Amino acid sequence: MEKMTKQTLEIGNMLAQWLNAAQGLSIGVSESVGPANPAYEEVRGLIDSLGMLEGTLKAHPILSVTKGRPSVFLAASPGALLRDSINAVLGRYQFVPTLIVAGKRKVRLGWQCATPDREQRKTMGDATMVRVLCTLADEGALSRLRHCASSDCVRWFMADRGNKEFCSVKCRRRHQGTSEAFKAKRRDYMRDYYALQHSGKVK
């Protein structure tokens, strides 16, 4: 997926913010993680499983197709078992179709969590995030939901570009500062700088 729509990026950012909050991270803080959150663990498990599904199905398809013979359903293949485990988790969530008014003369069909728990809906509970997760997977944008590549950051973020690896410029610079190439370049720069200072050509 090269480009994302604005709406896909927005819902991806919403999911990333929920994941960070569910870890106990406040905005702009990534050093400490709160106690394990069952809702976070379930959504995180779905993200991992959905991420593995495509590769698993390629290596272990659900159908065996042989030329000239009927197709055989491989019920116990790793691909089928992973699909079934994902469906078992998704089956615990129920959604109902709902008309959503998104502005003047703009009405669209959406989905609402079929739970009587008003507080969960108010706080964007895990059921809503599972629905968002399914939308991202359906649009092929799930791979853009990432963990920051900085070794000391645990934040989730939605990458607006395919090659984006860090949640912020601060994390990218901090990570670059620890690389051997950066350290070598810095040593060379400082050596040249001090040599120039001692030469008397600059003050």
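In the range 55-72, of all residues being outside any helix (DSSP H, G or I) and of a type in the set (S, T, Y), the one that is farthest from L142 (Cα to Cα) corresponds to T66. Checking each residue in the range 155-169 for being exposed (fewer than 14 other Cβ atoms within 10 Å of the Cβ), closer than 21 Å to K6 by Cβ and free of Cβ contacts under 8 Å to residues at least 24 places away in the same chain picks out R161, N163. Quick one: in the range 150-181, which of the residues that are modelled with pLDDT of 90 or more and among the small types (G, A, S) is nearest to G24 (Cα to Cα)? Restricting to residues being modelled with pLDDT of 90 or more and among the small types (G, A, S), the top hit is S168.
Table: residues versus (1) surrounded by 13 or more Cβ atoms within 10 Å (Cβ to Cβ); (2) without any contact (Cβ under 8 Å) to a residue 40 or more places away in the chain; (3) within 24 Å of the chain's Cα centre (by Cα).
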residue: M52; (1), (2), (3): yes, yes, yes
residue: H60; (1), (2), (3): yes, yes, no
residue: R69; (1), (2), (3): no, yes, no
residue: A76; (1), (2), (3): no, yes, no
residue: L82; (1), (2), (3): yes, yes, yes
residue: I86; (1), (2), (3): yes, no, yes
residue: R92; (1), (2), (3): no, yes, yes
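With the checklist (1) surrounded by 11 or more Cβ atoms within 10 Å (Cβ to Cβ); (2) outside the structural domain of I11 (by TED's automatic domain parsing) in hand, flag the one item R108 doesn't pass. Going through (1) surrounded by 11 or more Cβ atoms within 10 Å (Cβ to Cβ); (2) outside the structural domain of I11 (by TED's automatic domain parsing) one by one, R108 breaks only (1).
The values are calculated or read from the model by the stated rules, or taken from the named source; none is laboratory data. Small disclaimer: the values here were computed from a predicted structure and weren't measured. When we count neighbours, we look across all protein chains shown, and the Cβ atoms used for this are built from the backbone with ideal geometry, even at glycine.
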